[in-house]
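Encoded as structure tokens, the structure appears first; notes follow it.
The values are calculated or read from the model by the stated rules, or taken from the named source; none is laboratory data. As the structure is a prediction and not an experimental result, all values here were calculated from the model. Positions of Cβ are backbone-derived with ideal geometry, glycine not excepted, and every protein chain shown enters the neighbour counts. Ligands, DNA and RNA are stripped out before the accessible areas are found, and what is left, the full protein with its side chains, is counted by its heavy atoms. Shrake-Rupley method; radii C 1.70, N 1.55, O 1.52, S 1.80 Å.
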Amino acid sequence: MELSYRLNKIAQKVTKNGIIADIGTDHAYIPIFLYKNNKIKSGIACDISKGSLQKAKDNIKKYNLQDSIQTRLGNGLEKINLQDRVDTIIIAGMGGMLMIDILQNGKDITENAKELILQPQKDIDKVRKYLHNNNFKIIDDEMLKDDGKYYTIIKAIKGKEDVLYKNEEYIFGKFEIANKCKILKEYIEDQVYKMEIVLRNIKKTNVESRILEIEKNIKMYKEVLKCL
Ligand SMILES: C[S@@+](CC[C@H](N)C(=O)[O-])C[C@H]1O[C@@H](n2cnc3c(N)ncnc32)[C@H](O)[C@@H]1O
């Protein structure tokens, strides 16, 4: 089975030989790939949508993995029990605020997992802040580009962060800035270019507060660019 570049990157972050729960699994490609490549002991593929879970079931059956990958229909982590002994929780391809809700509502499960692998589609800064405010430490953070779109994958474990993040590190990722990530550089250049166009247009309308906000953002983004 071939995974997309994004899904493959997510799969690579999973620590070997554990039990995983893939929340919002849709097609169940991640658990299937991990099991077929001997990376996990077993998996639980969960989804809130009957249609998505049916897709997962069909794919699991296609690869004859019904004994190793279970499916569960439910909201977030509600169908995961402590007895499942989940080591890794994967949540990918959904908004950051929904992800935070899922983590918050399933606190007993997240607190007993060894690691979280998260790929929020937006509100990534809020996810990083949530992790820090809830005693999780970010041990890996990577931005990538797949099929013309930017994605971020965060890996967190239980524990306190040694040094608190600066605002721009919450927004762009501390690892990405420290590693002078080329994709982040490209992303910020792209965003600055777009903001400068918006700024030029908005200046014609004289909405002072919006102009100041965009100018402040451009300044901050350009400051980060100097470090990349
Ligand atoms: C865009 S797909 C992402 C699929 C896969 N994780 C990926 O990254 O390619 C989002 C999936 O999350 C599921 N989903 C949305 N809200 C959910 C929730 N509260 N609990 C469980 N699954 C949810 C949707 O039904 C859908 O199958």
- Subset of segment 16-35, residues hydroxyl-bearing (Ser, Thr, Tyr) and out of contact with any Asp or Glu (no Cβ under 6 Å at 6 or more places or on another chain), comes to Tyr29, Tyr35
- Residues being near the ligand (Cβ under 9 Å from one of its atoms) and open to solvent by 80 Å² or more (accessible area, probe 1.4 Å): count how many of those fall in segment 60-78. 2
- Considering residues that are of a type in the set (Asp, Glu) and over 10 Å from the mean Cα position of the chain (by Cα), the number found within segment 124-146 is 3
- Residues (open to solvent by 90 Å² or more (accessible area, probe 1.4 Å) and more than 28 Å from the chain's Cα centre (by Cα)) located in segment 189-204: Arg200, Lys203, Lys204
- Item | segment 83-99, subset in a strand (DSSP E or B) and small (Gly, Ala, Ser), residue least open to solvent (accessible area, probe 1.4 Å) | Ala92
- Query: Among the listed residues Lys57, Lys39, which satisfies the condition of being more than 8 Å from the ligand (Cβ to nearest atom), over 23 Å from the mean Cα position of the chain (by Cα) and either open to solvent by 30 Å² or more (accessible area, probe 1.4 Å) or not assigned by TED's automatic domain parsing to the domain that holds Tyr130 (or both)?
  - Reply: Lys57
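Quick grid of which residues meet (1) out of contact with any Lys or Arg (no Cβ under 6 Å at 6 or more places or on another chain); (2) open to solvent by 40 Å² or more (accessible area, probe 1.4 Å); (3) not charged (D, E, K, R):
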| position | (1), (2), (3) |
| --- | --- |
| Val127 | yes, no, yes |
| Lys137 | yes, yes, no |
| Lys145 | yes, yes, no |
| Lys166 | yes, yes, no |
| Tyr170 | no, no, yes |
| Gly173 | yes, no, yes |
| Lys180 | yes, yes, no |
